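Worksheet for the structure shown next.
The values are calculated or read from the model by the stated rules, or taken from the named source; none is laboratory data. The model shown is predicted, which means the values in this text are computed figures rather than measured ones. Virtual Cβ from ideal backbone geometry, glycine too; neighbours counted across all protein chains shown. With ligands, DNA and RNA removed, areas are computed over all heavy atoms of the protein, side chains included. Shrake-Rupley method; radii C 1.70, N 1.55, O 1.52, S 1.80 Å.
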Amino acid sequence: MGDKTNREAYEANEYFNIVFGNDFKRRDDSELNNQIINSFLNYGYSILLSIVSRAIVKAGLDTRIALFHKSFSNHYALACDLMEPFRTIVDV
């Protein structure tokens, strides 16, 4: 179960390099440019997560029960699953 070959991380790295340039690293805030982009991405993803979470609760579903994001500390696992296809809206 899961991504044993770590393909998702590899593809995410390639994706961000295409969108933001080869010098961009999603988790590296050593450069000012990376700090600014990562801050905007984090903010956008937070808004997207809240919109999806609100829709889930409005539909009467439990946000903690999900398919791919499984964690005892993540109370929005279902929202994290459902927001994945819409992340590109924030990236552009």
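What the table below lists for this structure:
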| item | result |
| --- | --- |
| Selection status of Ser53, surrounded by 12 or more Cβ atoms within 10 Å (Cβ to Cβ), at negative phi and part of a helix (DSSP H, G or I) | yes |
| Residue pairs meeting the criteria (Cβ under 7 Å; at least 6 apart or on separate chains; first among the acidic types (Asp, Glu), in the stretch 9-28; second open to solvent by less than 70 Å² (accessible area, probe 1.4 Å)) | Asp28/Asn34 |
| Selection from the stretch 56-71 of residues that are open to solvent by 80 Å² or more (accessible area, probe 1.4 Å) and either in contact with a Phe, Trp or Tyr (Cβ under 7 Å, 6 or more places away or on another chain) or closer than 30 Å to Asp28 by Cβ (or both) | Leu67, Phe68, Lys70 |
| Condition check for Asp91: crowded, with 16+ Cβ neighbours inside 10 Å, touching a residue at least 12 places away in the same chain (Cβ under 8 Å) and charged (D, E, K, R) | no |
| Any hit, the stretch 46-59, residues being free of Cβ contacts under 8 Å to residues at least 60 places away in the same chain and touching a Lys or Arg at 6+ places or on another chain (Cβ under 9 Å) | yes |
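To keep it simple, each residue is scored yes or no on (1) part of a loop (DSSP other than H, G, I, E, B); (2) among the polar types (S, T, N, Q).
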site	(1), (2)
Glu11	no, no
Asn17	no, yes
Phe24	yes, no
Asp62	yes, no
Leu67	yes, no
Leu78	no, no
Asp81	no, no
